[in-house]
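Here the structure is laid out as structure tokens; the discussion comes afterwards.
The values are calculated or read from the model by the stated rules, or taken from the named source; none is laboratory data. Every value quoted in this text rests on a predicted model; they were computed, and no experiment measured them. Don't worry about glycine lacking a Cβ; one is built from the backbone with ideal geometry, like all the others, and counts go over all protein chains shown.
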Amino acid sequence: MRVEPADHALGRSRGGLTTKLHLGCEQGQKPLSIVLTAGQRGDNPQFIAVVDGIRVPRLGGGRPRTRPDRVLADKAYTSRKTRRYLRRRGIKATIPSKG
């Protein structure tokens, strides 16, 4: 069996050889951060990488904004680690709890 290199973002899942795109976007659907992984990788472990990749340029110059006002996510992202990370960065969250 041939193994794909890690930087190819290809992996086996039920559908065969697949890729996952983890995307952070603003309410107007403008992409802010993208992380590409193999298809079998979980969604929640990529959350921090997606949020850390956000860079919004400021109109008057200066450092880009890296902290969104609020994060909206589905219940796949309800882990303690995710919520702790958001609290530590002062980011409000709307994430339903499981169960």
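Points to keep in mind about this one:
Matching residues to (1) under 17 Å from residue 88 (Cα atoms); (2) modelled with pLDDT of 90 or more; (3) surrounded by 14 or more Cβ atoms within 10 Å (Cβ to Cβ):
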position	(1), (2), (3)
38	no, no, yes
43	no, no, yes
46	no, yes, yes
54	yes, yes, yes
62	no, yes, no
65	yes, yes, no
73	no, yes, yes
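- Every residue from segment 39-75 that is outside any loop (DSSP other than H, G, I, E, B) and out of contact with any Phe, Trp or Tyr (no Cβ under 9 Å at 6 or more places or on another chain): 45, 46, 49, 50, 52, 56, 65, 70, 72, 75
- Residue 20 being in contact with a helix residue (DSSP H, G or I) (Cβ under 7 Å, 6 or more places away or on another chain), modelled with pLDDT under 90 and among the basic types (Lys, Arg): no
- The requirement of being exposed (fewer than 10 other Cβ atoms within 10 Å of the Cβ), part of a loop (DSSP other than H, G, I, E, B) and hydroxyl-bearing (Ser, Thr, Tyr) is fulfilled somewhere in segment 82-97, by at least one residue.
- Residues of segment 22-77 that are free of Cβ contacts under 8 Å to residues at least 12 places away in the same chain and over 25 Å from residue 9 (Cα atoms): 27, 28, 57, 58, 59, 60, 61, 62, 63, 64, 65.
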